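Here's the structure we're looking at; comments come further down.
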Amino acid sequence: NAGVTQTPKFRILKIGQSMTLQCTQDMNHNYMYWYRQDPGMGLKLIYYSVGAGITDKGEVPNGYNVSRSTTEDFPLRLELAAPSQTSVYFCASSYVTLEPRNQPQHFGDGTRLSIL
Amino acid sequence: QQPVQSPQAVILREGEDAVINCSSSKALYSVHWYRQKHGEAPVFLMILLKGGEQKGHEKISASFNEKKQQSSLYLTASQLSYSGTYFCGTERHEKLTFGTGTRLTIIP
């Protein structure tokens, strides 16, 4: 099993450009998440999804958009990239039946994004 | 609100013990613990649920006191492989809020 796969691994963007970070999982997990991690800091939730067609904002959603058309894929789109969005982006997934509180999250390897 | 972890960093010699604490200002339903090595993704260690249950992983165990809204991670007889940054994650309303992290360095 590949688990959670993120592409690209690295990217440099110019201010004002747009891009989509791809995330796909092959574990049939219903919950998926996007986090950003700034250097030396913890993970902050950007958006999450509890199933195909359902998404919701996390702690730091401004400047990002998501969609979830399939169970497997949860792309994150950056519109009008700004230097403050320079970060490492992690996608995660979990399988939730009744309560999310007792289900671990499985993380992808991350996308390192620099905006200059 | 982000849970607070203490200490921020700790250096141990191989074989020594350590305790990492995680405190929240809000009521908790569960606490997750993850370890992240430099340049890698966080890896799940364990989940603590209400009831003060202790869990174990290798020689790592944890406790959860929901009344005090605190969790502690205990690393016993530390090994070089335990080096990394440890994050607690407090769960509320389907979402995890991660702490600031504790950087653990194990030296031979």
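Read-outs: derived from the displayed coordinates by stated rules, not from any lab. Note that the coordinates shown come from a computational prediction; the quantities given were computed from them, not determined experimentally. A quick note on method: Cβ atoms are made from the backbone with ideal geometry, for glycine too, and the neighbour counts reach across all protein chains shown.
Quick rundown of the values:
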| read-out | value |
| --- | --- |
| Partner chain coverage, peptide B:93-106 - average Cβ within 10 angstrom | 4 |
| Relative contact order (%) - criterion: Cα under 8 Å, at least six apart; region: the stretch B:4-107 | 37 percent |
| GNM result for chain B, Cα springs below 10 Å: residue of B:Gly39, B:Gly15, B:Gly84 fluctuating most strongly | B:Gly39 |
| Cβ neighbours within 10 Å from other chains - mean over A:105-113 | 3 |
| Hz values of 3J(HN,Hα) by residue in the stretch B:40-48 - Karplus curve (6.51, -1.76, 1.60), Gly and Pro given as x | 10, 7, x, 10, 5, 10, 6, 10, 10 |
| Order of A:Phe74, B:Phe87 - criterion: other Cβ atoms within 10 Å of each residue's Cβ, fewest first | B:Phe87, A:Phe74 |
| Label-point separation in nm, A:Val96 to B:Ser81, each point 7 Å along Cα→Cβ | 3.2 nm |
| Highest-first arrangement of B:76-82, A:87-93, where packing means the average Cβ count within 10 Å | A:87-93, B:76-82 |
| Label point distance in nm, B:His38-B:Lys59, each placed 7 Å from Cα along Cα→Cβ | 2.3 nm |
| Lys, Arg +1 and Asp, Glu -1 on Cβ, resulting dipole of chain B about Cα centre, debye, nearest 20 | 260 debye |
| Taking B:Met46, A:Met32 and counting other C-beta atoms within 10 Å, the order from fewest to most | B:Met46, A:Met32 |
| Highest average packing first - A:7-13, B:94-100, Cβ atoms within 10 Å | B:94-100, A:7-13 |
| Alpha-carbon Debye profile of chain A, log10 I(q)/I(0) at 0.17, 0.19 Å⁻¹ | -0.77, -0.96 |
| ³J(HN,Hα), Karplus 6.51/-1.76/1.60, whole Hz, each residue of the stretch A:41-56, x for Gly, Pro | 10, x, 8, 10, 6, 9, 9, 9, 9, 9, x, 4, x, 10, 9, 8 |
| Spatially near lysine pairs across the stretch B:4-107, Cα under 24 Å, sequence gap of 8 or more or different chains | 17 |
| Choice from B:Glu91, B:Glu58, B:Glu14 showing the highest fluctuation, given a GNM over chain B with Cα pairs closer than 10 Å | B:Glu58 |
| B:Leu45 long-range amide H proximity, modeled H, under 5 Å | B:Trp33, B:Tyr34, B:Arg35 |
| Residue-averaged beta-carbon neighbours from other chains (10 angstrom radius) around B:39-45 | 6 |
